[in-house]
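Here's the structure, in structure tokens; my notes come after.
Read-outs: derived from the displayed coordinates by stated rules, not from any lab. The structure presented is a predicted model; accordingly, all values stated were derived computationally and were not measured. Cβ coordinates were reconstructed from backbone atoms using ideal geometry, including for glycine residues, and neighbour counts include every protein chain displayed.
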Amino acid sequence: MLKQRDKLILYSKFAVAYLLIHSEAYGQAVYTDLEPDIVLSDGDDYFALDIDDSGGYDFVFFNWTDTTYSETLGYKYLERLWVGPYALNYAAVAGISNYISTAGYRYYPYALATGAIVNNDLSFQNWFYQRMAFRSNFYIGTIPVQNDGGFWYPEVLDHYLGVRFVDSEDCLHYGWIRCDVKDEGRTLIIKDYAYELKCDTPFAVGDTVGDTTTVSITEINTLDAIVYSFDNSIYVNLNELANDVEIYVYDLMGKEVYSGVLINQSAQVKLNEAKGIYFVEIVSDNRQFTKKIYLN
């Protein structure tokens, strides 16, 4: 065992015991795995998502194609993968807007990677038609022109839309939707999604457990850290400078299944254990952080 851990062993056991006793209060994420995945591969496919199962749709996805004609450009063939809020209940998708003088505003959702934080620091767009990926083919005179783009173009796998919405109790939630875009921007696959149950609380992309902070744990957790899980890995990000930071992972019986040192303020801990509930402890200079994690 490491020296810092020896200093806090009684304190740590208390923290883990506290989490075991109060575990029912900790998981605050609402996670849904779509089985089978939703695949939008044709030009008229769409999918409407009720992310909080409230009986009303929150977001809608389109795979859309069209052909237009103008005197200047002739025939123009358009392919789009759209996403947007189904209704204006403060639902929005994280992304950017771009103004084109001849065409007005265009909206482009981010393709977020695992670990990104969905909160008010992101820019959100609530336009109905936001371009995940787009393709346009036309002619200027006899010259063929292809105009393609979007953060999800041409192929982006296992990335996330950052979203927010307001429920019937006026509670603002942050969440994510995991997607693939394939076939050079022609196919959209929607795989799973989750949101933070607590109001106006940041949510890490890929997290399926959610915020675990309560009044009691706030007193215990004196290190500023973000810890979340994805598949069979645990991700640790320390939000402050600290020396000699050590990480421990315990199973539900209190058995230590991992110990290591945090380098460069972040770490990925891959466990070969079975899926289930684990407790992550971070220790540095007589300070500590403890969180319950679910591996799926």
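Can you find, within the stretch 259-296, the residue that is surrounded by the fewest Cβ atoms within 10 Å (Cβ to Cβ) among those that are of a type in the set (D, E, K, R) and in a strand (DSSP E or B)?
Going through the stretch 259-296, the residues of a type in the set (D, E, K, R) turn out to be 270, 273, 275, 281, 285, 287, 291-292.
Among the residues that remain, those that are also in a strand (DSSP E or B) are: 270, 281, 287, 291-292.
Numbers: Lys270: 9, Glu281: 24, Arg287: 16, Lys291: 25, Lys292: 22.
Looking at the filtered set, the residue picked out is Lys270.
Residue pairs, Cβ under 7 Å, 6 or more apart or interchain, first in the stretch 144-163 and within 11 Å of Tyr108 (Cα to Cα), second of a type in the set (Val, Ile, Thr) and in a loop (DSSP other than H, G, I, E, B). List them.
So the pair list comes out empty.
Being within 19 Å of Pro202 (Cα to Cα) and of a type in the set (Phe, Trp, Tyr) is the requirement here; does Phe128 meet it?
Details: within 19 Å of Pro202 (Cα to Cα): no; of a type in the set (Phe, Trp, Tyr): yes.
Spelling it out, it is not the case that Phe128 is within 19 Å of Pro202 (Cα to Cα) and of a type in the set (Phe, Trp, Tyr).
Yes or no, residue by residue, for (1) acidic (Asp, Glu); (2) under 12 Å from the mean Cα position of the chain (by Cα); (3) not in a strand (DSSP E or B):
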{"site": "Gly175", "(1), (2), (3)": "no, yes, no"}
{"site": "Asp192", "(1), (2), (3)": "yes, yes, no"}
{"site": "Lys198", "(1), (2), (3)": "no, no, yes"}
{"site": "Asp207", "(1), (2), (3)": "yes, yes, yes"}
{"site": "Gly210", "(1), (2), (3)": "no, yes, yes"}
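Here's a check for you: in the stretch 91-127, which residue that is surrounded by fewer than 16 Cβ atoms within 10 Å (Cβ to Cβ) and farther than 27 Å from Val145 by Cβ is nearest to the chain's Cα centre (by Cα)?
Ranking the candidates gives Ala113 first.
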